[in-house]
Amino acid sequence: MVVAAYATLRSLSHVLTNLQHPARLHRLHVDTNRIQSLQETVQFLLDFLDAHSQRISEEIGVLGRQIADAAAEAEEVVDRHVVDQLRFRSEEESHCMAALSSFSQDIDKLTGQLDSLTKELTKVVKEEWAVDAQEEQCIVSVPVKSPEVLPSSGKKTIMVGFDEDLEQILDKLTRDEPDLHILPIVGMGGIGKTTLAQNIFDHPYTVHYFPKRIWLTISQECSVRELLSSLLDNGKEQESNQTLAELGQRLYQSLFGERYLIVMDDVWSVEAWNDLKLFFPNNSKGSRVMLTTRESSLAKSLGSQESYLLDFPNEENSWNLFYQETFAQKDCPYPELEEIGKNIAKSCNGLPLTIVVLGGLLANSNMTREYWESVAKDVSTFRTSKDYEGCLKILSLSYNNLPVYLKPCFLYMSVFPEDSKICVSRLTRLWIAEGFLKPIRGKSLEEVAEKYLRDLIDRNLILSLEFKIDGKLKECGIHDLLRDLCLTEYEKEHFIYAPKVQRVDACSVKDMCFMCGLGTSLQRIDLNEVHDGSQLTSLASVLVCNTCKNTYPSLNKARVVRTRLVKILGRPREVESLHPTSLRYLQMVDVTLYEFLYPSTIALLWNQQTFEIFSFPPYSKISLPYVMWDMPQLQHFIGSAHFILPKEATTQDFDIMKNLHTLFGMRNFRCTEEVLRRIPNLNKLGIYYDKENEIEWTYYCLYNLVRLQKLESLSIEAYNLRLENLTFPTLLKELCLKGCNIPWEKIMTVGSLLPNLGKLVVESNYFEEHEWNQVEGDFPRLKFLKISNSHHLTRWRAENIHFPNLEILFIEFMLNLEEIPAIIGDIITLHSIYFKSCEGPVIDLAKQIVEEQQRTYGNEILQLYINGERYQVGSY
């Protein structure tokens, strides 16, 4: 329950920080001294759990659950008082003082509870430390293999599908390079790292090439002295009195005159390497150290020139391993079982560990079709068996070894369906919304989330699936078995109390869960506290799916805000929805109103961070209320709708929204100094200007965009806009210009002024100019260029020096384009050219460019795609 305690305390810490924001304090009656006292207690517990999270005894687990419950109660109490005060801001002073007194009493009570639990927790940990100190000398590491002895005993582990890996690693180990080299083999638990290392260790060529071979199995609690004693004379008594330095010196001397190979299996920390590397001489004889580890970050810390990442075997190799493990021979002796066996092997999802376990199960069973069919039909039965639990226990070593601050983020992966491609930007926002992240000075929470994700990927617990053109991760995923581990561990911890994320389907005619917008396994519950502006409705009935009901067991007790999206024009109509006041992430889909006002009741969602509103039609107008400026935790406004910002504030009530990073879909956005001063940390901006707009462009003050010094992504959709009205921030990395009607030669000016620009999209540029001749200027870091729907352009001429780092060229709906730069094929970084809905000579020219590169220069990297199909260069 330590993870539950940590996650709820971290979430509470964010709430208390928000409560003490200056924009909050001058609107709420809060005793800051009491809040700070509670915050200090929370921070002490967080630091304590961070330092002692590996000490998980039954007694500490019980205390962890009590701390989690107390922290969740504290967050609920704070939320209740804040919402009540926001509802009745205009109440008389006497009522306000009564509210403050009640709030203070509740805070004192909660602080006392947490202080008491803190004392009890520190006492238990100190007692366990004392016991550990007495037993420290008795710690024995995982058994060490004697020199020149294989690590396996009994049946040798079968290796299937790693022949190519074995050859590549042997080549790396035996290269004609005299200096000592380190080669980490990296892969997730159960993928076969140790099996591969065993086969390399025992390979005839290895035995011949390395006269001295040593195998070390490293434990998580590694004792260097025990390792060295076991290596030297098999740990006889004469070594027991020698110091660590004496033992290390003996090992060093025994290795110095030899070409040696040392395998360090299952390395968990860089400390184990640092303790041993002093005794491995660099004797200029081509010696090697090979390690197996689950963590690629550890491989980087070892100072090795390269590491070897072990991937999952394919279906064919999975089947080969399965029948060899099951039948102890190289083919299936029962043809009638082959098809069933292949289905069983496929169900193992490419993880050798599970294949071996299943093979062992069936090897000791009746070789009957009926039995095998029963196994194949009900894989879930196997997944709950002791063998499956054994797989999870091995994988759980990686989980248990995680720092406590990463564990909630990892377990949260269980909320996504199996085999999901998970959008990284959405995942990081969800982590932030749940309050999992530990603030780091000088970094935004998005940057912290990205760091956490990299850490989990380096530990092979999360998979990288797709990258953006700038090298950042776009989509990630999780192996099914690891997702099962997440589900198992979450059942123990269950650290999500209050609902903080909601998805609303605004126009569905079907019954849907009011929390997630899904329509399966629904049941009706009554909500006891519904806020409708300053009114309190005693009861409301909603539908909830089983998943949300199990995730939030006290959902019926949650405080809920009723919002109505009221139509501004035409026949009266509204879209009504209910939102828990604890909400931080709201996504609304299929909003069908053309023009409407968002209600001021959103101010009651006082911890709200992200609004995502996707409308149909996509250009719905959403007028935002003035209270938006009173929500300092806001980070993202995103959607296909067009948001209309409220008028800027006067200087008397000016608040800076330091957390606001994204405004995407802003309609007729005025870049006045007053507005931009409110949003100094804006990172992404998307703005749209009406086609029929007759207002002078100076009214929108676009020349002030340069003041957004942290802006990295800018999208402008406008018509008849003049480039001289724009001055871009120099840090800009992504730029989309749609309908701006800019002269083509002026676009080169953009590249010269934006040295960091990596992505440029020019769409619907109807400037009446038929040629784009690039003479001066360049795009030094541009990787992605898209030209779309600009019908007047017929010829584009440039040199490869204008785009020295271009990787992807995308051209679509360019019906009159006849020519692109023939020299573009000489850009060494270019790997993909895409044409969509284009025709005529430009397609023939593109084919010629790719054919010349492949046939004349052997450039197989450059590929051409036409309407989604890869162009195959014909044979000579």
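The values are calculated or read from the model by the stated rules, or taken from the named source; none is laboratory data. Computed from a predicted structure; not experimentally measured. Reconstructed Cβ throughout: ideal geometry from the backbone, glycine too, with neighbour counts over all protein chains shown.
Quick notes on this structure:
- Residue that is modelled with the lowest pLDDT, among those in the stretch 209-243 that are in a helix (DSSP H, G or I) and buried (at least 22 other Cβ atoms within 10 Å of the Cβ): LEU231
- Any hit, the stretch 291-306, residues being modelled with pLDDT of 80 or more, of a type outside the set (D, E, K, R) and farther than 24 Å from TRP268 by Cα: no
- Qualifying residue in the stretch 739-758 (condition: under 16 Å from PHE810 (Cα atoms) and outside any loop (DSSP other than H, G, I, E, B)): no
- Against the conditions (1) assigned to a helix (DSSP H, G or I); (2) without any contact (Cβ under 8 Å) to a residue 24 or more places away in the chain, ASP331 satisfies every one except (1).
- Taken over the stretch 850-876, the residue count meeting the criterion of being over 18 Å from LYS786 (Cα atoms) and either outside the structural domain of SER788 (by TED's automatic domain parsing) or of a type in the set (A, V, I, L, M) (or both) is 3.
- Elements of the type helices (runs of 4 or more DSSP H) sitting completely within the stretch 407-513 and holding at least 2 residues that are at pLDDT below 90 and buried (at least 21 other Cβ atoms within 10 Å of the Cβ): these cover 480-493.
- Positions within the stretch 740-797 being of a type in the set (D, E, K, R) and in contact with a strand residue (DSSP E or B) (Cβ under 6 Å, 6 or more places away or on another chain), in sequence order: LYS759, GLU763, GLU771, LYS786, ARG795, ARG797
- Boolean, LEU645 is outside the structural domain of ARG781 (by TED's automatic domain parsing), farther than 22 Å from GLU595 by Cα, at pLDDT 80 or above and among the hydrophobic types (A, V, I, L, M, F, W, C): no
- Scanning the stretch 662-707 for residues that are within 20 Å of LEU754 (Cβ to Cβ), touching a helix residue (DSSP H, G or I) at 6+ places or on another chain (Cβ under 7 Å) and either basic (Lys, Arg) or at pLDDT 95 or above (or both) gives a single hit, ARG707.
- Members of the stretch 759-789 found to be surrounded by 15 or more Cβ atoms within 10 Å (Cβ to Cβ), out of contact with any helix residue (DSSP H, G or I) (no Cβ under 9 Å at 6 or more places or on another chain) and under 17 Å from MET814 (Cα atoms), listed by number: VAL761, GLU763, SER764, TYR766, LEU785, LYS786, ILE787, SER788, ASN789
- Within this structure, ARG65 fails the test of being touching a Phe, Trp or Tyr at 6+ places or on another chain (Cβ under 8 Å), modelled with pLDDT of 90 or more, in a helix (DSSP H, G or I) and among the basic types (Lys, Arg).
- Looking across ARG27, ARG10, one residue alone is out of contact with any Phe, Trp or Tyr (no Cβ under 9 Å at 6 or more places or on another chain) and among the basic types (Lys, Arg). It is ARG27.
- Just one residue in the set VAL42, VAL77, VAL15, VAL83 is free of Cβ contacts under 8 Å to residues at least 40 places away in the same chain and part of a helix (DSSP H, G or I); that residue is VAL77.
- Yes/no for THR206 being in the same structural domain as TRP268 (by TED's automatic domain parsing), modelled with pLDDT of 90 or more and either within 30 Å of LEU351 (Cβ to Cβ) or in a helix (DSSP H, G or I) (or both): yes
- Any hit, the stretch 828-835, residues being buried (at least 21 other Cβ atoms within 10 Å of the Cβ) and among the β-branched types (Val, Ile, Thr): yes
Every residue, every condition in (1) over 26 Å from LEU731 (Cβ atoms); (2) in a loop (DSSP other than H, G, I, E, B), yes or no:
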| site | (1), (2) |
| --- | --- |
| LEU760 | no, no |
| PHE767 | yes, yes |
| LEU782 | no, yes |
| SER790 | yes, yes |
| LEU793 | yes, yes |
| TRP796 | yes, no |
| ILE811 | yes, no |
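- For the stretch 862-870, the count of residues that are in contact with an Asp or Glu (Cβ under 8 Å, 6 or more places away or on another chain) and either in a helix (DSSP H, G or I) or crowded, with 17+ Cβ neighbours inside 10 Å (or both) is zero.
- When the stretch 659-713 is limited to residues that are more than 16 Å from PHE643 (Cβ to Cβ) and touching a strand residue (DSSP E or B) at 6+ places or on another chain (Cβ under 9 Å), the one that is surrounded by the most Cβ atoms within 10 Å (Cβ to Cβ) turns out to be LEU711.
- Test result for LEU815, aliphatic (A, V, I, L, M), part of a loop (DSSP other than H, G, I, E, B) and in contact (Cβ under 8 Å) with a residue 24 or more places away in the chain: yes
- Complete set of residues in the stretch 40-75 that are within 28 Å of the chain's Cα centre (by Cα), within 30 Å of HIS29 (Cβ to Cβ) and crowded, with 16+ Cβ neighbours inside 10 Å: VAL42, LEU45, LEU46, ILE67, ALA68, ASP69, ALA71, ALA72, GLU75
- Search result, residues across the stretch 542-584 that are at pLDDT below 85 and of a type in the set (Ser, Thr, Tyr): SER554, THR563, SER577
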